[in-house]
Every structure is written in C-alpha cells, then in structure tokens.
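**Student:** Provided herewith is a single structure, encoded as structure tokens, for subsequent inquiry.
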Amino acid sequence: YAIRWYMQSHGENEAEARWLANLIVNELFRKQSQGAFLSSKYPEELERMIVHVNNGFHLSPTVSDLADLIGRSRSHVLKLFSKYLSVSPKKYIIDRQMDEARELLLSTTKLIAEVGQSVGLSDPYHFSKLFRRHIGISPSDYRQRHGPFSTPPNVSTHRPFLAKTID
C-alpha cells in the first residue's frame, strides 16, 4: 500500500518507494517490540531504568544516573541488570546507542560525526571506534553495505492500472 501511494503521489522511483515502506515497517516492529518488553515480569525499578535509557540514550546516562533515578545504590543497579538482562548497564546503554546509530546510518544522510552526536557520542573518533568494536565494521562501511542502494532493488512485476482510451 505504501509503495503504491508513494508511486502515485510523489514520483516514479520504485527503489525509493520500497526503501521508505521498509523503514515504516521496521519502525513499527521496533515500537511494538519495545512495548512487549515493558509488559514483562521485570521489577518495576528495572523497567523504569530501561524506559529512561530508551528515551534518553542520547544523553549517555551513567550507572550513577540510573541509581539516582530509582533511589538505590550503584551496586543494586548492577545486580538488577545482571540478574534480569545478563548485561551490565553500561553495555545496555551502548547497545541501545549502537542500535539507534545503525538506524540513523541507514535512514538518514547525516555525516558519521552527526550520527555519533545524535546518539550521545560527541567525539567522532570514539564513536567510530565503539561502533567498529560492537558491530564489527566501521560506520561508513556499514552504511555502504546495508544502505538502501547497497543492492539493486527487486523490480516490481505489478503493472499499474491503465484506463482504456476511447478512439
């Protein structure tokens, strides 16, 4: 539906229309998975911290920030993340930043440094180094390999409805 609407109202670039539709679907799945996560059986304190990280990952929250949020100690925060998520709070925050960075690399034309700033990592060198460590390739290589035009789109076999002309 989205592809047909775009093609009818905006132009004739099918690859762009398919890429936009794919972005919409991915965003819907991402939002749906966040909601499912919060309806789980995790302690209320942990859920509050996760919501805080998901909404403010671009501010690079620290373990101390999370401890202050729930009014508990840093060690309590570490135990909650370790017990229920099997990761440290720092790794959870970085993973969230890297997920968002991947989305931005594929869905925007921002410079690599701007993507880093958008996810809370203002030093471009540090951002690139962290991205490479967690994802396995540099941000520019990731964009080039996985971006919308990294592989040619499948050409649609759908033929638009053409009204018969009266002679």
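The values are calculated or read from the model by the stated rules, or taken from the named source; none is laboratory data. Not measured: the values here are computed from a predicted model. Glycine gets a Cβ as well: all are built from the backbone with ideal geometry, and neighbour counts include every protein chain shown. Just so you know, the surface numbers come from the protein's heavy atoms only, side chains and all, with ligands and any DNA or RNA stripped out. Shrake-Rupley method; radii C 1.70, N 1.55, O 1.52, S 1.80 Å.
**Student:** Looking at the range 49-63 only, could you name the residues that are of a type outside the set (Val, Ile, Thr) and either surrounded by 14 or more Cβ atoms within 10 Å (Cβ to Cβ) or modelled with pLDDT of 95 or more (or both)?
**Tutor:** 49, 52, 54, 56, 57, 58, 60, 61
**Student:** Say whether the condition of being part of a helix (DSSP H, G or I), at pLDDT below 95 and at negative phi is met by at least one residue in the range 153-161.
**Tutor:** no
**Student:** Only one of these is at pLDDT 70 or above, open to solvent by 50 Å² or more (accessible area, probe 1.4 Å) and more than 23 Å from residue 102 (Cα to Cα): 46, 69. Name it.
**Tutor:** Just a single option satisfies the conditions, and that option is 69.
**Student:** If you don't mind, there's one more thing I want to ask. Residue by residue through the range 123-141, note down the ones that are small (Gly, Ala, Ser) and either part of a helix (DSSP H, G or I) or touching a Gly at 6+ places or on another chain (Cβ under 6 Å) (or both).
**Tutor:** Those that are small (Gly, Ala, Ser) and either part of a helix (DSSP H, G or I) or touching a Gly at 6+ places or on another chain (Cβ under 6 Å) (or both): 128, 140.
**Student:** Right, another one. Of everything in the range 75-122 that's touching a Ser or Thr at 6+ places or on another chain (Cβ under 8 Å) and not in a helix (DSSP H, G or I), which residue is surrounded by the most Cβ atoms within 10 Å (Cβ to Cβ)?
**Tutor:** Step by step, filter the range 75-122, then rank; the result is 121.
**Student:** Ok, one more. If the Cβ limit is 8 Å and pairs must be 6+ apart or interchain, which residue in the range 41-63 that is among the charged types (D, E, K, R) pairs with which residue that is surrounded by 15 or more Cβ atoms within 10 Å (Cβ to Cβ)?
**Tutor:** Within 8 Å, the pairs are 45/70; 45/72; 45/80; 48/69; 48/70.
**Student:** Take the residues of the range 123-151 that are crowded, with 16+ Cβ neighbours inside 10 Å and without any contact (Cβ under 8 Å) to a residue 40 or more places away in the chain: which is farthest from residue 59 (Cα to Cα)?
**Tutor:** Looking at the filtered set, the residue picked out is 143.
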